[in-house]
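Colleague: Here it is: the structure, laid out below.
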Amino acid sequence: MCFGVRDAITLAMEHANAGPLTILGDLVHNPTVLNALSAKGIAVTQDVTGVQTPAVMITAHGTSARNLARTRALGLTVIEATCPLVHVAHRAVAALVRDGYHVVIVGQRDHVEVRGLTGDLDRFDVVLDERDVLALEEQPRIGVAAQTTQPVEKVRRIVDLIRRRFPRSDVRFLDTVCKPTKERQSAAIEMASQADVVIVVGGRASNNTRELVRTCAQYCARVHHVETYSDVRPGWIEDANVVGLTAGTSTPDDVIDAVEARLREFACVDQRSVV
């Protein structure tokens with residue numbers, strides 16, 4: 001679990017001990033974590049108008065300054081759990097705007113982090129593939145940043161497409177993909193290249209977990225995405241000599257440990273290796 005997610009969870013638990021708390025949206029995209037928060041009496045709502053507690057928490061994915069102002073205007077105490085690396089992305093976008101660039105975000109248009117990155121902009125574009133790049137209009141200056149959990153090679157490929165599509169434009173790229181995502185993607189490639197089967201642990205709604213699944217699938221033909229140990233099936237590792245295990249950045253250690261234990265339980269008879 002990356003430090004931004006761990007800190008956000010710790011902050012939520014601390015404030016829940018002090019008094020009633022509502023989280024605005026999913027703090028992280030992991031059902032195990034969300035169930036633990038619910039057990040502490042923490043409410044979750046997707047709309048600020050549904051908040052019925054004096055304090056509200058902004059998720060690790062961040063939000064726009066405009067949305068923060070609207071929330072505070074309702075008289076609510078706002079607790080920021082935004083990941084510091086998401087704050088870095090916000091500052092990068094602000095710098096592009098300040099320098100006169102038309103902002104293009106590489107990411108998922110409806111993702112909460114992307115909505116936060118673009119929420120203070122009057123004009124912007126969001127792209128995720130070549131089709132989106134082809135739909136862009138030419139601008140004298142194009143500033144590109146990325147959702148922090150996008151694969152960096154994919155982002156660089158899209159930046160290259162933008163430069164080739166608009167050779168007369170000044171295209172400036174600020175790399176906002178976070179370090180934990182880069183390290184995890186790199187490690188996943190190395191692992192998947194050695195494995196006969198790969199198990200990726202994380203929430204179904206977690207973007208970085210889904211990206212790990214896609215990355216591993218490029219190097220290993222048998223990849224399975226699970227949320228908990230109960231999703232693991234013994235048939236998945238039949239005829240496998242090496243089983244790879246990785247997880248998204250919002251997956252708790254105990255969930256990963258339980259999946260590893262289940263894999264070793266299934267694998268011990270045939271002495272397979274789990275890496």
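Colleague: Mind listing whichever residues of the range 66-81 are of a type in the set (Val, Ile, Thr) and in contact with a helix residue (DSSP H, G or I) (Cβ under 8 Å, 6 or more places away or on another chain)?
Modeller: Within the range 66-81, Thr71, Val78, Ile79 meet the criteria.
Colleague: State yes or no: is Arg157 in a helix (DSSP H, G or I) and surrounded by fewer than 17 Cβ atoms within 10 Å (Cβ to Cβ)?
Modeller: For Arg157, the condition - in a helix (DSSP H, G or I) and surrounded by fewer than 17 Cβ atoms within 10 Å (Cβ to Cβ) - is met.
Colleague: While we're on this one: Do we find that Arg172 is more than 25 Å from Gly107 (Cβ to Cβ), open to solvent by 20 Å² or more (accessible area, probe 1.4 Å), of a type outside the set (Asp, Glu) and at pLDDT 95 or above in this structure?
Modeller: The answer is no for Arg172.
So that you can scan it fast, the table gives a plain yes or no per residue for (1) part of a strand (DSSP E or B); (2) touching a helix residue (DSSP H, G or I) at 6+ places or on another chain (Cβ under 7 Å):
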| position | (1), (2) |
| --- | --- |
| Val171 | yes, yes |
| Val177 | no, yes |
| Ala187 | no, no |
| Trp236 | no, no |
| Thr249 | no, yes |
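Colleague: Then there's this: What about Thr246, is it open to solvent by 10 Å² or more (accessible area, probe 1.4 Å), in contact with a Leu (Cβ under 8 Å, 6 or more places away or on another chain), over 30 Å from Gln139 (Cβ atoms) and of a type in the set (S, T, N, Q)?
Modeller: yes
Colleague: Next up: Six or more apart or on different chains, Cβ atoms under 6 Å: show the pairs whose first residue is in the range 152-178 and closer than 18 Å to Asp132 by Cβ and whose second is aromatic (Phe, Trp, Tyr) and surrounded by 15 or more Cβ atoms within 10 Å (Cβ to Cβ).
Modeller: Pairs that qualify, where the first residue is closer than 18 Å to Asp132 by Cβ and the partner is aromatic (Phe, Trp, Tyr) and surrounded by 15 or more Cβ atoms within 10 Å (Cβ to Cβ), are Val159/Phe173.
Colleague: What's the number of the only condition in (1) touching a strand residue (DSSP E or B) at 6+ places or on another chain (Cβ under 8 Å); (2) of a type in the set (A, V, I, L, M, F, W, C); (3) open to solvent by 10 Å² or more (accessible area, probe 1.4 Å) that Leu134 fails to meet?
Modeller: (1)
Colleague: OK, next. Mind telling me which of the residues Asp47, Asp26 ends up being within 21 Å of Arg115 (Cα to Cα), among the acidic types (Asp, Glu), surrounded by fewer than 21 Cβ atoms within 10 Å (Cβ to Cβ) and at pLDDT below 95?
Modeller: Asp47
Colleague: Another question, if that's okay. Starting from the range 188-200, take each residue that is open to solvent by 10 Å² or more (accessible area, probe 1.4 Å) and list its partners that are part of a helix (DSSP H, G or I) and of a type in the set (S, T, N, Q), counting only C-beta distances under 7 angstrom and pairs at least six apart or across chains.
Modeller: Ile189/Thr215
Colleague: Still on this structure: Given the structure, is Arg141 open to solvent by 40 Å² or more (accessible area, probe 1.4 Å) and in contact (Cβ under 8 Å) with a residue 40 or more places away in the chain?
Modeller: When the stated conditions are applied, Arg141 passes them.
Colleague: Output the number of residues of the range 254-275 satisfying the condition of being open to solvent by less than 80 Å² (accessible area, probe 1.4 Å) and either out of contact with any Gly (no Cβ under 7 Å at 6 or more places or on another chain) or at pLDDT 90 or above (or both).
Modeller: 14
Matching residues to (1) surrounded by 22 or more Cβ atoms within 10 Å (Cβ to Cβ); (2) more than 26 Å from Pro252 (Cβ to Cβ); (3) touching a strand residue (DSSP E or B) at 6+ places or on another chain (Cβ under 8 Å):
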residue: Phe3; (1), (2), (3): no, no, no
residue: Ala16; (1), (2), (3): no, no, no
residue: Asn35; (1), (2), (3): no, no, no
residue: Ala55; (1), (2), (3): no, no, yes
residue: Leu68; (1), (2), (3): no, yes, yes
residue: Ala73; (1), (2), (3): no, yes, no
residue: Thr77; (1), (2), (3): no, yes, yes
residue: Ala94; (1), (2), (3): no, yes, no
residue: Arg109; (1), (2), (3): no, yes, yes
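Colleague: Here is a further query. Would you be able to say whether some residue in the range 205-212 is of a type in the set (D, E, K, R) and under 30 Å from Ala94 (Cβ atoms)?
Modeller: yes
The values are calculated or read from the model by the stated rules, or taken from the named source; none is laboratory data. Keep in mind that what you see is a predicted model, and the values were worked out from it rather than measured. We place every Cβ from the backbone using ideal geometry, glycine too, and count neighbours over all the protein chains shown. For the accessible areas, the whole protein counts, side chains as well, though only heavy atoms, and no ligand, DNA or RNA atoms are used. Shrake-Rupley method; radii C 1.70, N 1.55, O 1.52, S 1.80 Å.
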